[in-house]
Amino acid sequence: MTRRQARELALQTLFSIDIGKHDPQAALDDALTRPGAGDERTFVRDLVLGTLDHAAQSDEIVTPLLQDWTLDRIPTVDRLILRMAVYEMQHCPETPRVVAINEAIELAKKFSTEDSGRFVNGVLSNVAA
């Protein structure tokens, strides 16, 4: 499993927790037992648990940058992508900020609306500034 695939799995797990109201540990255990989770299990676990633990902090960073939007008005997937990317930018020094931003943009393009890539890019570029 590549880091990109690990981020996708982490996002899918966060979505399951948020929308499906699944227990975080049970959702994570389910994700990590899927075939192919492989050697990036620790990274997926860290992303999911770190994103959940630091959600309020990430929201505080992102909210002023939303320009006439609120977190509850943006698509759930975009909110989760922003939280995960901000967590990675703030708490994973081994990941260059530009990589965290680019990966978040790719996740938004793949899993959200056609405008989400630009939206995520704009918000995260301001976080990194």
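No value in this document is a laboratory result; all are computed from the given coordinates. All figures in this text were calculated on a predicted structure; none of them were measured in a lab. So basically every Cβ, Gly included, is an ideal-geometry build from the backbone, and we count neighbours across all protein chains shown.
Here are some notes:
- Trypsin sites (Lys or Arg not before Pro) lying in DSSP loop within the stretch 1-30, provided at most 12 other Cβ fall within 10 Å: 21
- Each Cα pair under 8 Å and six or more residues apart adds its separation to the average, and for the stretch 3-128 the resulting relative contact order is 23 percent.
- Remark: the stretch 72-78, residue by residue, has Karplus-estimated 3J(HN,Hα) of 6, 9, 8, x, 3, 4, 5 Hz, where x stands for each Gly or Pro and the curve is 6.51 cos²θ - 1.76 cosθ + 1.60 at θ = phi - 60°.
- Label-point gap, in nm, between residue 118 and residue 42 - each point 7 angstrom along Cα→Cβ: 4.1
- Choice from 62, 99, 44 showing the highest fluctuation, given a GNM over the chain with Cα pairs closer than 10 Å: 99
- Helix 41-53 and the long axis of the chain differ in direction by around 50°, with both axes built from C-alpha atoms.
- When all alpha carbon pairs of the stretch 1-113 are counted in 10 Å bins from zero, the resulting P(r) reads 14, 50, 32, 4, 0 %.
- Along the axis of the charge dipole computed for the chain (Cβ charges of +1 for Lys and Arg, -1 for Asp and Glu, origin at the Cα centre), the listed residues 116, 77, 128 are led at the positive end by 116.
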